[in-house]
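Peer 1: Provided herewith is a single structure, encoded as structure tokens, for subsequent inquiry.
Values in this text are rule-based calculations from the coordinates and carry no lab data. Everything numeric here is computed off the predicted structure, so don't read it as measured data. Here Cβ is always computed from backbone atoms with ideal geometry, including for glycine, and neighbour counts include all displayed protein chains.
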Amino acid sequence: MECRVLSIQSHVVRGYVGNKSASFPLQVLGFEVDSINSVQFSNHTGYAHWKGQVLTAEELNVLYEGIKLNKVNLYDYILTGYSRDTSFLETVVDIIQELKKINPNLVYVCDPVMGDHGAMYVPENLLPVYKDKVVPLADILTPNQFEAELLTGRKITTEEDAIEVMDLLHKMGPETVVLTSTDLPSKRGDQFLVALGSQKIAKPDGTNSNQKICMDIPKVDAVFVGTGDLFAAMMLAWTHHHPKDLKMACEKTLSVMHHVIKRTIKYANEKAGPGKRPSPAQLELRMVQSKADIENPAIVVEAKVLHKSSH
């Protein structure tokens, strides 16, 4: 069975972010990836300089129109990430709705990129579009804590809060929700970040099963760009391979992340030299070099099941 993904994300000439961060790992894992580049920049915006073009909503429509005219608009998955324009995002919504009509089994993986650590880095008028139009279409949602709080209007200070927020997000649409990072204290100490996941599966008899998991992720002292995009792509791939096992999908996803980041930080530190902070160019993800880890990740992050229920 051939699996085809439509990925609508940014593109950089140099480095790994958006589509550059998602395409190669998905292709390595056997997916056909059709990319629409929402922007084309020389490099990510964490560098001192960047130049490039931004795709408008009209141009997005034109590209989709071409695919449609050739009757090759049949997709198994859609993947979206960073967007900073409401009309562009609303056009994406129209496309997703149409593609879901063509294939009712289509799975939409949405990373609702809006901000981090209490600050929005997209225009505030994107929030209602995500809330009312995008999230209800999503099947798999990968917000960080701040984004989950924005979408639900609820603060997360305890694990119970996080569980409640994930349930609220399920009510908005997505069957699978992963909080990719939180400020919750890890039981393993302050060298770890806590991530949580929840999967609600409707059974044929009309009942739901629910699995909630919690993961401790080793912290790394560096700023990486493109890791969120890699995370969403790997969630797509590993939930495809383990559709009813969120624990396994998350362990494989986070283990891929861990291997890529470890390889990247090692390389960056060697390049920068002793006692120097690596530059953005040196910290670009070592994606190609991690091909074997992407294909077959040694499991280094364990997820623990918080509770499993059927009702």
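Peer 1: Beta carbons within 10 angstrom, averaged per residue: use that to sort the peptides 166-174, 4-12, highest first. Write down the numbers at each step before the final one.
Peer 2: Details: 166-174: 18.6, 4-12: 23.4.
Ranking the peptides 166-174, 4-12 by packing returns 4-12, 166-174.
Peer 1: Find the Rg to Rh ratio for segment 103-243, where Rh is the Kirkwood radius over alpha-carbon pairs and Rg uses the same atoms. Please report the intermediate quantities before stating the final value.
Peer 2: On the way: Rg = 14.9 Å, Rh = 15.7 Å.
Reported Rg/Rh, Kirkwood definition of Rh: 0.95.
Peer 1: In terms of modelled amide H atoms, which long-range or inter-chain residues lie less than 5 Å from the amide H of ILE36?
Peer 2: SER7, ILE8, GLN9
Peer 1: Over the Cα atoms of segment 1-98, how large are the radius of gyration and the largest Cα-Cα distance (Dmax), in Å?
Peer 2: For segment 1-98, the Cα radius of gyration and maximum Cα-Cα distance read 13.7, 44 Å.
Peer 1: Work out how far the C-alpha atoms of segment 219-311 reach from end to end along every principal axis, then list the three figures in whole Å, largest first.
Peer 2: On the principal axes, segment 219-311 reaches 56, 24, 20 Å in Cα extent.
Peer 1: Compute the convex hull volume of the Cα atoms of segment 87-153, divide it by the residue count, and report the result per residue in Å³ as a whole number.
Peer 2: Details: hull volume 5.0 nm³, N = 67.
That works out to 74 Å³ per residue.
Peer 1: Mind giving me the nanometre distance, one decimal, between the label points for HIS49 and GLU270, set 7 Å out from Cα along Cα→Cβ?
Peer 2: Label-label distance for HIS49 and GLU270, simple model: 2.9 nm.
Peer 1: Considering amide H positions built from the backbone, and no H for Pro or chain starts, which residues 5 or more places from LEU193, or on another chain, come under 5 Å of its amide H?
Peer 2: For LEU193, whose amide H was placed from the backbone, the distant partners under 5 Å are ILE217, LYS219.
Peer 1: Cα centroids of segment 93-123 and segment 244-269: how far apart, whole angstrom?
Peer 2: Answer, in whole Å: 23.
Peer 1: Still on this structure, please answer the following. Ordered by residue, what ³J(HN,Hα) values in Hz, to whole numbers, does segment 66-81 give under the Karplus form 6.51 cos²θ - 1.76 cosθ + 1.60, where θ = phi - 60° and Gly and Pro are x?
Peer 2: x, 5, 5, 4, 8, 6, 10, 9, 9, 10, 8, 9, 10, 10, 10, x
Peer 1: Here is a follow-up. Determine ³J(HN,Hα), in whole Hz, for all residues of segment 15-32 in sequence, where each value follows from phi through the Karplus function 6.51 cos²θ - 1.76 cosθ + 1.60 and θ = phi - 60°; x replaces Gly and Pro.
Peer 2: x, 9, 7, x, 4, 5, 7, 9, 5, 4, x, 5, 5, 4, 8, x, 8, 7
Peer 1: Here is a further query. Got a sec? Charge dipole of the chain, +1 on Cβ for Lys and Arg, -1 for Asp and Glu; which of ILE156, GLY46, GLN282 is way out at the positive end?
Peer 2: Final value for the positive-end residue is GLN282.
Peer 1: From the phi angles alone, apply the Karplus equation (6.51, -1.76, 1.60; θ = phi - 60°) to segment 265-277 and give each ³J(HN,Hα) in whole Hz, x where the residue is Gly or Pro.
Peer 2: Karplus-based 3J(HN,Hα) across segment 265-277 equals 5, 4, 4, 4, 5, 4, 5, 6, x, x, x, 9, 7 Hz.
Peer 1: Using the crude model of +1 on Lys and Arg Cβ and -1 on Asp and Glu Cβ, and no other charge, please compute the dipole size for the chain relative to its Cα centre, in debye to 20.
Peer 2: That gives a dipole near 760 debye.
Peer 1: Please give the per residue volume of the convex hull enclosing the alpha carbon atoms of segment 4-305, rounded to a whole number of Å³.
Peer 2: Dividing the Cα hull volume of segment 4-305 by its residues yields 134 Å³.
Peer 1: Note the full-extension length gain between GLU65 and ARG154 as 0.36 nm times their separation in residues minus their Cα-Cα distance, in nm to one decimal.
Peer 2: Computed gain between GLU65 and ARG154 is 28.1 nm.
Peer 1: Quick one: of the DSSP bridges fully inside the chain, what percent are antiparallel, nearest 5?
Peer 2: So the antiparallel bridges in the chain amount to around 60 percent.
Peer 1: Between segment 1-46 and segment 124-196, what is the separation of their alpha carbon centroids in Å?
Peer 2: Answer, in whole Å: 24.
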